[in-house]
Amino acid sequence: MEMPQPNPTILSRKAQIVERLQKVLPKDAVIHTDAQVRAYECDALTAYKCPPLCAVLPASTDEVSAVLKACHEMGVPVVPRGSGTSLAGGALPTADCVILGTARLNAVLETNYEDRYIRVGSGRTNLSVTGAVEEMDFFYAPDPSSQLACAIAGNIAMNSGGAHCLKYGVTTNNLMGVKMVLMDGTVTEIGGTHLDAAGLDLLGLICGSEGQLGVVTEATLRILRKPEGARPVLMAFNDNEVAGACVADIIKAGVLPVAIEFMDRLCIETTDNYAKAGYPDCEALLIVEVEGAPEEIDEQLALILDIARKHDPVELREAKSAEEAARIWLGRKSAFGAVGQIADYMCLDGTIPVSSLPMVLRRIGELSEEYGLQVGNVFHAGDGNMHPLILYNANKEGDLELCEAMGAEILKLCVDAGGCLTGEHGVGIEKRDLMTHQFEPQDLEIQMAVKDVFDPMWLLNPAKVFPLESSQTRRIAAE
Amino acid sequence: MKPTTERDLAEAIASAKGPLRITGGGTRDVGNPVVGDALSTAALSGITLYEPGALTIVAQAGTPVSEIEAALDAENQRLAFEPMDHRTLLGTQGTPTVGGMVAANVSGPRRIAVGACRDHLLGVRFVDGAGTVIKNGGRVMKNVTGYDLVKLLAGSYGTLGVLSEVSLKVLPKPETEATLVLNDLSLENSVAAMSAALGSPFEVTGAGKVKGQTCIRIEGFEASVRYRAEQLTALLSKHSDVDQIEHKASGSLWRGIADVSGFADHAAVTRVSVKPSAAPALGVKIAGQHNVDVMLDWGGGLMWFGMMQDDAAAVAHQAIQDSCAQINAHATLIKAPIETRAAVPVFQPENPTITALSDGIRAKFDPRGILNPGLMG
């Protein structure tokens, strides 16, 4: 993956830049020794690494503003970072950038159950948002797999999803307002505790802009009362395509499960060896979860199981207790970790129309044979958001490149099937150069023009999202 | 001008010599008056793709909302955000289009449970002010590929681009619905009751106050609706006696709330988006000083102020906006004679940073400033 050459002038001025940042921040908030900045050299896309010039950890909106103002004046690029769990390289540094970490902005600022929102510092982790309202039986709905570690700042930057968005939507559908700092240090509030924008929907634009338009320091999030209960059912099939057809039939039938998760044989076997969830021996399994009172759950599950029976299942397993429910989810929740035990892998994130599921799964199988790399499929089937895991060996010369090439083919396949390159992880650097497969030049031009408005010097996370070739004139003009 | 293809639409905009007044079906005459050549998307019509199993529909911008709803109804699905039909309130003629619905980000009572029009909008194709055809988003439910211009276009009233095609997420229609009614609550008690219902696990999909009635809606399978109605009745009985309205009657009650039909005879109407718990004080304050009627939706988060006398409307609207500015709420003058709309800010003025960013975006999308210029202020 190509990254732009670092600006030699900035590299040579490191001492002055650090000194300037130390003037506006407490001493321990500026990290600049070679050994220390190494902690920030990559995010969860660990195949790519580059230590930044330095890293800062501001603890207030004012400190964020001071840092950005200083960097703006010095012409130094800034890469915002939540918890560094991006699978797309969204927080990958360049050698000439300042990493701005939001970790210290982690306070709960306000909880309001009457109006059903919580206001938090953007560095707060996703799961601890729910943790803050759990005692009143409320929760924050978006639940990315990394929710124990990932920060709300990163969730907003990438418009993160999760397993339950079929019912509850993704981050943008649950975000009510932000406090944001622009690259020149200007602090502004967008949205708030009311619904919908007074004028243009800038909040909708900010969410998913991958830290390229501003740095969010506070977020107002919608919280919901927990349902009375939830119960999963596991369905095993001897054919991927049949499982895919079953998903479409469930959705058409008028029930809206809170989650429909899919795993194929490779993932089933790998997770079962690892987590011992006791999954059946089959080609494909679905985990379908519904919510409500016990009788409501019974009624919905009966309907869903009726549909499943028409697709000749190998096994249908209903959870009779909380323990059985946990076992059904156990394998799915440990799937990524389990696959990581047997090989290095690259996790893709393309979305396809649910109706194309059988065709796309078949084609992925063919590509797997062509490239000689194994692929495991585990994904959110209800909304078509696929997560093919391509297995490779990082120590084998050329394997990463082979894996990248195959990943690109799969993502193009998703686009050609009527879908998109990324459903919830973001473009980052990983899918940057594939953007021209999904978008025409004018589609990218207008997006870059939006960045021009928020960040005319292209200092915020500049080498991401857009193909380097497309953004080159802007980045160079800014230097 | 009434182009019949996206290409003709692009050509019409590229060759425009001056400002354009853009409409869909012309039923939502909202915003500052625009002077310019009329350009309608009504002839760009037809459903392009509908996949019930994928919960998505794609249609050209001029497609009548009624045509979309009929197609969805045949598959027992619907536009879950319950778009308002403005004809009753505004007394307009014509056929509401899906493009107009998106351009005004029109949502109804169910917005509180499932999100707004913008939350169900998956993709757009539009023509910018230079005549360039641009696409953003797509037709899948999860898509974070590039910036989300889809949300930006929703509610931009044709000032950033003229929509040529939209794709929307649709949802299954529930088997039945019921509404619980609490009579004669004060604004404060009404919002408290609605908050209690919305904060319960019983999945309320509508909460509003019309005339003396506080209404709480539940939808779903029959047994489930019955169960939740019982639970909610028990929960709400400390606020007042609770009556229940069944399926059909409930449906028409909420159609009326969505369309604000109760204010059809009012000369002017202001729509306010506010934190629900701040609604009672705002309502009491404005009603104490001005001759207004008040309706609530979204559990109190949406307030409608109806003014009977046209000559006092500008003053009342201004007072509402001034109060909103103090509590981070916003007010839009939805209905008023053109002279009134020209005399006051129709949309709530925003802070200078937001205004500068919005102006900057408009200048990029519409460098000549010809798309509905001034409509949003």
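The values are calculated or read from the model by the stated rules, or taken from the named source; none is laboratory data. The shown structure was predicted, so the numbers you read here are calculated from the model rather than taken from an experiment. Here Cβ is always computed from backbone atoms with ideal geometry, including for glycine, and neighbour counts include all displayed protein chains.
When region B:322-343 is filtered for residues that are farther than 18 Å from B:Val35 by Cβ and either surrounded by 15 or more Cβ atoms within 10 Å (Cβ to Cβ) or of a type in the set (Val, Ile, Thr) (or both), the ones remaining, listed by number, are B:Ser323, B:Cys324, B:Ala325, B:Ile327, B:Asn328, B:Ala329, B:His330, B:Ala331, B:Thr332, B:Leu333, B:Ile334, B:Lys335.
Looking only at residues in region A:336-378 that are within 14 Å of chain B (Cβ to nearest Cβ) and more than 24 Å from the chain's Cα centre (by Cα), the one that is surrounded by the fewest Cβ atoms within 10 Å (Cβ to Cβ) is A:Met359.
Would you check if there is a residue in region A:11-34 being in a strand (DSSP E or B) and of a type in the set (A, V, I, L, M, F, W, C)? Yes - at least one qualifying residue is present in region A:11-34. Considering region B:57-99, the residues that are of a type in the set (Ser, Thr, Tyr) and touching a helix residue (DSSP H, G or I) at 6+ places or on another chain (Cβ under 9 Å) include one that is farthest from B:Ser45 (Cα to Cα), namely B:Thr88. Select from region B:46-66 the residues that are at pLDDT 95 or above and either under 16 Å from B:Ala12 (Cβ atoms) or within 14 Å of chain A (Cβ to nearest Cβ) (or both) and list them in ascending order. Of everything in region B:46-66, those that are at pLDDT 95 or above and either under 16 Å from B:Ala12 (Cβ atoms) or within 14 Å of chain A (Cβ to nearest Cβ) (or both) turn out to be B:Thr48, B:Leu49, B:Tyr50, B:Thr56, B:Ile57, B:Val58, B:Gln60, B:Ala61, B:Gly62. Residues satisfying the criterion are absent from region A:106-119 (criterion: closer than 18 Å to A:Ala88 by Cα and in contact (Cβ under 8 Å) with a residue 40 or more places away in the chain). Residues that are of a type in the set (D, E, K, R), under 17 Å from the mean Cα position of the chain (by Cα) and more than 7 Å from chain A (Cβ to nearest Cβ) within region B:143-176 comprise just one, B:Lys169.
The set of residues from region B:356-374 being outside any helix (DSSP H, G or I) and charged (D, E, K, R) comprises B:Asp366, B:Arg368.
Given the structure, is A:Leu400 assigned to a strand (DSSP E or B), out of contact with any Pro (no Cβ under 9 Å at 6 or more places or on another chain) and either within 13 Å of another protein chain (Cβ to nearest Cβ) or not β-branched (Val, Ile, Thr) (or both)? Here the answer is no, as A:Leu400 does not meet what is asked.
Listed here are the residues, each with its yes/no results for (1) among the acidic types (Asp, Glu); (2) outside the structural domain of B:Leu282 (by TED's automatic domain parsing).
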position	(1), (2)
B:Val294	no, no
B:Gly301	no, no
B:Ala316	no, no
B:Ser323	no, no
B:Pro337	no, no
B:Glu350	yes, yes
B:Thr353	no, yes
B:Ile361	no, yes
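One residue alone among B:Gly123, B:Gly138 is more than 7 Å from chain A (Cβ to nearest Cβ) and touching a strand residue (DSSP E or B) at 6+ places or on another chain (Cβ under 9 Å), and that residue is B:Gly123.
Within region A:425-479, take every residue that is part of a loop (DSSP other than H, G, I, E, B) and surrounded by fewer than 20 Cβ atoms within 10 Å (Cβ to Cβ) and give me the one that is nearest to the other protein chains (Cβ to nearest Cβ).
Per the criteria, the residue is A:Glu440.
Within region A:283-327, the only residue that satisfies the criterion of being loosely packed, with under 15 Cβ neighbours inside 10 Å and under 20 Å from A:Cys165 (Cα atoms) is A:Ala326.
Among the residues of region A:247-289, the ones that are more than 11 Å from every other protein chain (Cβ to nearest Cβ) and either in contact with a helix residue (DSSP H, G or I) (Cβ under 6 Å, 6 or more places away or on another chain) or outside any loop (DSSP other than H, G, I, E, B) (or both) come to 27 in all. The set of residues in region B:217-243 being β-branched (Val, Ile, Thr), within 14 Å of another protein chain (Cβ to nearest Cβ) and touching a helix residue (DSSP H, G or I) at 6+ places or on another chain (Cβ under 7 Å) consists of B:Ile218 alone.
Would a scan of region A:42-64 turn up a residue that is of a type in the set (S, T, N, Q) and either in a helix (DSSP H, G or I) or farther than 30 Å from A:Leu400 by Cβ (or both)?
yes
Can we say A:Ile390 is in contact with a Phe, Trp or Tyr (Cβ under 7 Å, 6 or more places away or on another chain), among the hydrophobic types (A, V, I, L, M, F, W, C), more than 14 Å from chain B (Cβ to nearest Cβ) and under 17 Å from A:Leu411 (Cα atoms)? Against the criterion (in contact with a Phe, Trp or Tyr (Cβ under 7 Å, 6 or more places away or on another chain), among the hydrophobic types (A, V, I, L, M, F, W, C), more than 14 Å from chain B (Cβ to nearest Cβ) and under 17 Å from A:Leu411 (Cα atoms)), A:Ile390 qualifies.
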